[in-house]
1. With the structure loaded, tell me whether residue 246 is surrounded by 14 or more Cβ atoms within 10 Å (Cβ to Cβ), assigned to a loop (DSSP other than H, G, I, E, B) and in contact with a helix residue (DSSP H, G or I) (Cβ under 7 Å, 6 or more places away or on another chain) or whether it fails that test.
2. So, in region 140-192, of the ones that are free of Cβ contacts under 8 Å to residues at least 24 places away in the same chain and in a loop (DSSP other than H, G, I, E, B), which residue ends up nearest to residue 327 (Cα to Cα)?
3. Quick test of your reading of the structure: residue 163 fulfils all but one of (1) more than 30 Å from residue 298 (Cα to Cα); (2) under 21 Å from the mean Cα position of the chain (by Cα); (3) not assigned by the TED database to the domain that holds residue 381. Name the failing condition by number.
4. Residues of region 355-384 being in contact (Cβ under 8 Å) with a residue 24 or more places away in the chain and under 12 Å from residue 283 (Cα atoms), which ones?
């Protein structure tokens, strides 16, 4: 085992974020040129290789490990783009939220599996190194399966029936299905709707990352929980959050008594605005009522479950065939949140047992969530952007070739 200093741990953790930031744009170009099948498969191979070589890198030097973690970040940058493309290509418009909720839950599900499996392996005669080797092998198997099963176009998949294809393509334009347009990067990156989607995502992800990073410290030093109970309560909150996420997605897709736009506003307010309210309340609960703080944090996590029917759904419905660009940029905001969260804590918190200092962090983040939520009422829409449609009408020959008219 290796005993790293706090500064070295920071470098090791932040290397993944830097790798993700650097990799987002090149990886997106790979998706555009080669499609999701090859691009995501390549990212999976890189992830498997870097995971397998992690024990060796750690034995060489800390900087070898940092370099490998950077490459893992590059591989990780492919995830959200894959989510966007799968939703755009394979999700029926009336099942968008369910697809989003399922695909974006990968972090929580993988954490549960990885932590449990790693604990068993590390305590066995195999030792901690085999945790990396077995995870690398599992990664390779999963991505080989992806390469064999996935097709870039559902119309070319032999397992997709005509009925299923009709459901997938229902209410989608020809431009959306054929995906023949050049990507209008400037219009996407200057769209008020898209920018507001990213701001909502950034504020919500900042909250989640702050909780994931600092909840154990806050529970121990402010709420005075026993160390053994901290893991139990945080695990319980996560266990409640995951199934609730799918319930929220079903409500978003299957509720017919109100308009799509109203649902987007309601779900976004719950996942962004109410998260801010919960965060303020959480920061005011004294340690004498620490169980109330656990309940409040659980409610906050449940509110985030509504995001699949809020800003995620708005971005997907608005950008249509270009939703992979919008969603992959959400991963960029997540990386920024990995830096901004600790920076906010470093600015306000000098004494980790001082609840007032922590409350300043919570209220600052809450202020950003309120601002983002207000903007969503101004800019959000459930309609496709004008830049998702061909300017000139097109028709297609029987073999799929585009004929301009």
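1. Details: surrounded by 14 or more Cβ atoms within 10 Å (Cβ to Cβ): yes; assigned to a loop (DSSP other than H, G, I, E, B): no; in contact with a helix residue (DSSP H, G or I) (Cβ under 7 Å, 6 or more places away or on another chain): yes.
No, not satisfied.
2. 190
3. Of (1) more than 30 Å from residue 298 (Cα to Cα); (2) under 21 Å from the mean Cα position of the chain (by Cα); (3) not assigned by the TED database to the domain that holds residue 381, only one is false for residue 163: (2).
4. Those that are in contact (Cβ under 8 Å) with a residue 24 or more places away in the chain and under 12 Å from residue 283 (Cα atoms): 355, 358, 359, 361, 362, 363, 365, 366.
Residue-wise test of (1) surrounded by fewer than 22 Cβ atoms within 10 Å (Cβ to Cβ); (2) in a helix (DSSP H, G or I); (3) out of contact with any strand residue (DSSP E or B) (no Cβ under 8 Å at 6 or more places or on another chain); (4) at pLDDT 95 or above.
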{"residue": "218", "(1), (2), (3), (4)": "no, yes, yes, no"}
{"residue": "232", "(1), (2), (3), (4)": "yes, yes, yes, no"}
{"residue": "237", "(1), (2), (3), (4)": "yes, yes, yes, no"}
{"residue": "256", "(1), (2), (3), (4)": "yes, no, yes, no"}
{"residue": "271", "(1), (2), (3), (4)": "no, yes, yes, yes"}
{"residue": "277", "(1), (2), (3), (4)": "yes, yes, yes, yes"}
{"residue": "289", "(1), (2), (3), (4)": "yes, yes, yes, no"}
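Residue by residue, here is whether (1) crowded, with 22+ Cβ neighbours inside 10 Å; (2) in contact with a helix residue (DSSP H, G or I) (Cβ under 9 Å, 6 or more places away or on another chain); (3) modelled with pLDDT of 90 or more holds:
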position	(1), (2), (3)
27	yes, yes, yes
33	no, yes, no
38	no, yes, yes
48	no, yes, yes
63	no, yes, yes
67	no, yes, yes
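The values are calculated or read from the model by the stated rules, or taken from the named source; none is laboratory data. This is a predicted model, so every value here is computed, not measured. Cβ sites come from the backbone with ideal geometry, for glycine too, and all protein chains shown count toward neighbours.
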